[in-house]
Every structure is written in C-alpha cells, then in structure tokens.
Amino acid sequence: MTLKPKNHQRPHLLRLLLAFLAAILLPLSLSTAAVADDENSPKTWTVQVGSESSDQAIQGMSFLPSNIYINAGDKIKWEANAAEIHTVTFLAKGKPLTPFNPFDPKQLSRQGGTTYDGHSYFNSGIMANVSNTGFKAVERYTLKFTHTGKFTYYCVVHGMAMKGTVHVRAAGTDYPFTQSQYDRLTKKEERKIVRDGEKQWEAARKQASNHKVIAGTDNGTAMLMRFVHHEIVVHLGDTVTFVNSGMGAPHTVTFGHEPANVFAPVGNPKNFKGGDLSSGLMEPGAKFTVTFNKVGEYDYLCALHDYMGMVGEVEVRR
C-alpha cells in the first residue's frame, strides 16, 4: 500500500495564500498606478474673474489668483464671479493695451481658439455672473496652454488695474500649489477686497451732503457701485453736484428714460424741471451739476450699473 505524505495539504494551502495576497495587492498596485498616472496627466485649473459683496455694492477688480502656475498641456477655466463686466484678454505680441471700446466686437466677443499659441490676441468676450448687464456675457472661458512661458492677460474694461499672469512650466514639473490652496487664498483676498470697499463707502459718506453726491468710487482694487447719499432732499432752485471720485470706473447720472446712447449727455442740467436728463459718460474725476427748478421727486440711476443697485432719488421741496 502506498502511503500518502503527511504534508499533502501544504501545496493547496500555499496556493490559497498566494491567491489571497494577489487579491489584496493587485488592486493596491493598480490604484497606485492610477494615482501616478493622474498626477502626470494634464489638469484643469480654475481662476475667478472679479468678486463682489453679497449686495453687489462692492465689486472687485481682480483675477483670483492673480498668478497661477501650471504645466504645459494643462487648461485654465476662468469663471465669472461678479455682476460687473470683465474680460480675459491676452494681447497680441507687441500690441499695447487700448482703452475699452464698448462698440468694438473684438473686445466684446470671443477671439482666438481653445489653445493659446503664446503670441496672438485671445479674448473671452464680456464675462459676468448675471444676464442683465446690457452686453451678451458668458460665465466661463477655457484655454489650453501648450507653450511654456510667462503670459500676462488683462481685463480690457478695467485696463492696467486688472491683470493676471499664467506661468507655464514644462510638463511633469511639480506644482507649487494645489487648487484647494489657490481657493483658500482666493477667499482670503475676497474678504480683503470687501473690507477695502467698505472703507471707501465710509469715506464717501463723510464727503457727501444734500448738495454733493458721490457717484461711485474705486481705488484700483475695489469699486463702490452706489450713489452716496442715494436719497437727498433739496429746495427749489438748489444745485446738486454729482462727483465720480474713483480712479478707473466710469458712471452716469441719468434721470428719466435711459438714452439709446448712454455715453452721450442729454438735456439741460442748468434748468431741470423733470423729464430726461443725463450726464453722459462720467470718467473718474468728472462732475455733473444739476439745478432743480421744479418741486417733486426725481429718480435717477447709473445707466452702466443700475442692475447692481446703483440708483438714487432727489426730493425737491419749496
């Protein structure tokens, strides 16, 4: 009779053990490989276009983050985060930044493809997070970057006061920040911008009176989209001077119907008795003086920013 070896179960147990280890280790190795592949694959980064307070009174003129470090092959998605209009504009090599022209389709609409070539004119078109700006606006704009280098872009509406830089390094370069780190920095900067705007608001209150209205203000970082004081009381024959005390944002003072061309003055401000009257475009530092020669209540607005709540009223008494 042939005797069976006493360790006849060992090969079977060994096979079971190896199978068990394989079942555990194989998914881990595949998971590790997937993570490694993901780290080396192109990424899409998010940059915020503008910022605002909850009531839209304070608007920020910033791309957040203003500097972003990416690798060749990555994409950036810019997202509108304010009611104020902005653009993401890469100028053609050697071309200067020109003043905003609200009638230029190259500034108002998207220009260029979906992959930035490093030297041509690329433009998002008008961007805003609301639909009632008076312009055809988009909420997102995405570009892929394949050329290494340092690329500066602007908002053509706000010029040199609002610019950002994309730093493109070779594919595979370690990233100095994660998206979540950029997001935390963005939130911190947003709060700082709102505080800045609140300080401007307080300063405007101290300057304003029943005969002097601050028609918005800005300092290159935050913009106050309000008339201060927005409700005033004067007497028959009194004059009120509206002052744009900002550095970059234009406004209008418009009574009655908004004119077809909001940039042109309408009516006679020296003898206002109601009806249509408009300052036309008030650049920073501009003043508009109105003499009220009829008792009544007169509503007015900024034809550029009324949708954010930039409106006011003058009550004329005897």
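The values are calculated or read from the model by the stated rules, or taken from the named source; none is laboratory data. Quick caveat, the model's predicted, so the values are computed rather than measured. Each accessible area value is taken on the protein alone, full model and side chains, heavy atoms only, with ligands, DNA and RNA left out. Shrake-Rupley method; radii C 1.70, N 1.55, O 1.52, S 1.80 Å.
Details
- Looking at region 204-265 alone, DSSP beta bridges between its own residues are antiparallel in about 60 percent of cases.
- Bridgeable lysines around K294 (alpha carbons under 25 Å apart, same-chain partners fewer than 8 residues away excluded): K212, K270, K273.
- On a per residue basis, region 180-256 carries 47 Å² of accessible surface, using protein heavy atoms and a 1.4 Å probe.
- Degrees between helix 10-40 axis and first principal axis of the chain (Cα, 0 to 90, nearest 10): 30 degrees
- A straight Cα-to-Cα reach below 18 Å connects K206 with the aspartates and glutamates D196, E198, D218, E231, residues fewer than 8 places away in its own chain not being considered.
- Heavy-atom accessible surface of the chain: percent carbon and sulfur, 1.4 Å: 55 percent
- For the residue pairs K106/K192; K77/K136; K106/K163; K93/K163, the C-alpha atoms sit more than 21 angstrom apart in K106/K192.
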